[in-house]
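The values are calculated or read from the model by the stated rules, or taken from the named source; none is laboratory data. Note that the coordinates shown come from a computational prediction; the quantities given were computed from them, not determined experimentally. Counting neighbours? That spans all protein chains shown, and the Cβs are built from the backbone with ideal geometry, glycine included. The area values use the complete protein model at the heavy-atom level, side chains included, leaving out ligands, DNA and RNA. Shrake-Rupley method; radii C 1.70, N 1.55, O 1.52, S 1.80 Å.
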Amino acid sequence: MNRIETELTRRSFLGATAAGFASSSLLWGQGPSEPGSPAEAGLKRKPRVAAINSVYRLRSHAYHIAGRFIHGYTRNGFHHQPPFELVRMWNHQQPPADLGPSVCEQHGIELCKSIPQALGEKQGLDIDAILLIIEHGDYPQNERNQILYPRYDFFQQIVEVFQKTGRSVPVFVDKHLSYDHRLAARMVQAARDMKFGLMAGSSLPVTWRRPEIEPTVGTPFKEALVCFGYDRKTVEIYLFHALEVLQCMLERRKGGETGVKSIQFLEGDAVWAAGDEGRWSWRLLDAALARCPSRNTGPVRENVLNPQAMLIEYEDGTQGTILNLYEQTSDFGFAATIEGWSDPISSCFFLPSPPGARFFDPLTYNIEKFFASGTPPYPVERTLLTSTMTDLAMQSIHAGGRLILDPALSVKYAAPQDSGFFRGPYVDAG
């Protein structure tokens, strides 16, 4: 298993980290220096970050991500303070539990009244990187129960500032790019046209894995399955997370990512029937559930009253399955078969619980690497594909489980050699 379950050594991981932040020095005009040296005395300011949020309240994504830029977080068991300065914040909504004003006052952050103001407005674009965190808050839903988060609208306002000032900076978009895959594609195209770095996605691809498996790029996957458990009307919230788990593994298959041919969403007894017919693998489900600490006792058919499944056929014939099995597990379990291997590989994508929600630690660290270099550590095309699959899955649900074939699913890209997931401890060193 060692060629599949490879792990970066501490030395190589730290070396990669140092290389990443060396590029930060070049980006910001800062050369390497020793403490107390003349070069250190002449260093320029820390890179400046602006946070564009839907809402800044306890446990919101902005609270967890922007808050880590303010307070720091744990990495390898020790406190890590990002080498950036969060200088401005704009929050679209102000609920009764709004923390924005108090946090900004306590930490010297300018609380702004508009997105252009947060980016510099009259002074021009005077920040170096942007967090676009539009998750949580009070927003309407469409007829398919998709939350109409205005990520695209706010992204467009950022792009307009870039166009006006003739300058652009790296932009991170939390979770999927948009509820509408066509808008998501426009966002990616805008970044390509204007040549600025765009990173997006959730914490699942970079959170801890138990065991710490990292399939090598070029692994000949045949089939993969992700199980989780979530009971809300807005299916897309955790469906997107499950797709991120599936995609960050299957993108490493032989030939790279060549796109998806079709998707279909099933519910109820149709899910069990599809498994019995071999459209998804019971063997892989058993392997994935075996890695889940929250796994329930008893047969899954008895415990899960409303199973949901998303069946995915990739252009190269690889099969993918997402199973929402509320009351069987609350973890994200992964399993896959590989050509020439007798047993499946499997892992739990581990999410430390709120209120700390330390799975935001690895996400924030990868955002830091992106802001330092200007190049995302993993392709934004992954998030374009998972965003598109999420949107089309919601269309399949709304159409009673119709098979969806759409050319928008034909997203091609190459996987990174290192997926960037966190190894080692997730608690403070004693």
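Would you mind stating whether G275 is among the small types (G, A, S) and either on the phi > 0 side of the Ramachandran plot or open to solvent by 30 Å² or more (accessible area, probe 1.4 Å) (or both)?
Spelling it out, it is not the case that G275 is among the small types (G, A, S) and either on the phi > 0 side of the Ramachandran plot or open to solvent by 30 Å² or more (accessible area, probe 1.4 Å) (or both).
When residues of the stretch 244-289 are filtered for being hydroxyl-bearing (S, T, Y) and under 20 Å from R402 (Cα atoms), how many remain?
Result for the stretch 244-289: 1.
Being in contact (Cβ under 8 Å) with a residue 24 or more places away in the chain and more than 17 Å from V171 (Cα to Cα) is the filter here; which residues of the stretch 84-113 pass it?
H92, Q93, Q94, P95, A97, D98, L99, G100, V103, H107, I109, C112 - these are the residues of the stretch 84-113 that are in contact (Cβ under 8 Å) with a residue 24 or more places away in the chain and more than 17 Å from V171 (Cα to Cα).
The rows are residues; the columns are (1) within 21 Å of the chain's Cα centre (by Cα); (2) more than 22 Å from I213 (Cβ to Cβ).
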{"site": "A242", "(1), (2)": "yes, no"}
{"site": "R253", "(1), (2)": "yes, no"}
{"site": "G256", "(1), (2)": "yes, no"}
{"site": "W272", "(1), (2)": "no, yes"}
{"site": "N306", "(1), (2)": "no, yes"}
{"site": "E313", "(1), (2)": "no, yes"}
{"site": "W341", "(1), (2)": "no, no"}
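List the residue pairs whose Cβ atoms are under 9 Å apart, where the first residue sits in the stretch 267-284 and is in a helix (DSSP H, G or I), the second is crowded, with 16+ Cβ neighbours inside 10 Å and of a type in the set (K, R), and the two are 6 or more positions apart or on different chains.
As it stands, the answer is A273/R279, since those pairs meet every condition given.
Do we have L177 as touching a residue at least 60 places away in the same chain (Cβ under 8 Å), open to solvent by less than 40 Å² (accessible area, probe 1.4 Å) and closer than 19 Å to C292 by Cα here?
no
Look through V226, V260 and report the one residue that is closer than 23 Å to E135 by Cβ and either touching a Lys or Arg at 6+ places or on another chain (Cβ under 6 Å) or touching a residue at least 40 places away in the same chain (Cβ under 8 Å) (or both).
V226
Tell me, which residue of the stretch 369-393 that is under 14 Å from the mean Cα position of the chain (by Cα) and charged (D, E, K, R) is farthest from V169 (Cα to Cα)?
Out of the qualifying residues, it is R382.
Since L384 meets every condition but one in (1) within 20 Å of S202 (Cα to Cα); (2) of a type outside the set (K, R); (3) open to solvent by less than 10 Å² (accessible area, probe 1.4 Å), which condition does it not meet?
(3)
Residue by residue, here is whether (1) modelled with pLDDT of 95 or more; (2) outside any helix (DSSP H, G or I); (3) of a type outside the set (F, W, Y) holds:
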site	(1), (2), (3)
T390	yes, no, yes
Q395	yes, no, yes
G401	yes, yes, yes
A408	yes, no, yes
A415	yes, yes, yes
G420	yes, yes, yes
G424	no, yes, yes
A429	no, yes, yes
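Scan (1) over 12 Å from F332 (Cα atoms); (2) within 22 Å of the chain's Cα centre (by Cα) for the single condition Y238 breaks and write down its number.
If we test Y238 against (1) over 12 Å from F332 (Cα atoms); (2) within 22 Å of the chain's Cα centre (by Cα), just (1) comes out false.
Examine the stretch 187-200 for a residue that is surrounded by 15 or more Cβ atoms within 10 Å (Cβ to Cβ), under 15 Å from the mean Cα position of the chain (by Cα) and assigned to a loop (DSSP other than H, G, I, E, B), and state whether such a residue exists.
no
Keeping to the stretch 246-272, report how many residues are open to solvent by less than 20 Å² (accessible area, probe 1.4 Å) and over 24 Å from H398 (Cα atoms).
Within the stretch 246-272, residues that are open to solvent by less than 20 Å² (accessible area, probe 1.4 Å) and over 24 Å from H398 (Cα atoms) number 8.
Please enumerate the residues belonging to the stretch 403-429 that are open to solvent by less than 30 Å² (accessible area, probe 1.4 Å) and hydrophobic (A, V, I, L, M, F, W, C).
I404, L409, V411, A415, F421, F422
Considering every residue within the stretch 118-135, establish whether at least one is touching a helix residue (DSSP H, G or I) at 6+ places or on another chain (Cβ under 7 Å) and on the phi > 0 side of the Ramachandran plot.
Within the stretch 118-135, one or more residues are touching a helix residue (DSSP H, G or I) at 6+ places or on another chain (Cβ under 7 Å) and on the phi > 0 side of the Ramachandran plot.
Only one of these conditions is not met by R232: (1) open to solvent by 10 Å² or more (accessible area, probe 1.4 Å); (2) part of a helix (DSSP H, G or I). Which number is it?
(2)
Any idea which of M394, M389 is over 26 Å from Y365 (Cα atoms), open to solvent by less than 10 Å² (accessible area, probe 1.4 Å) and out of contact with any His (no Cβ under 9 Å at 6 or more places or on another chain)?
Matching residue, one of M394, M389: M394.
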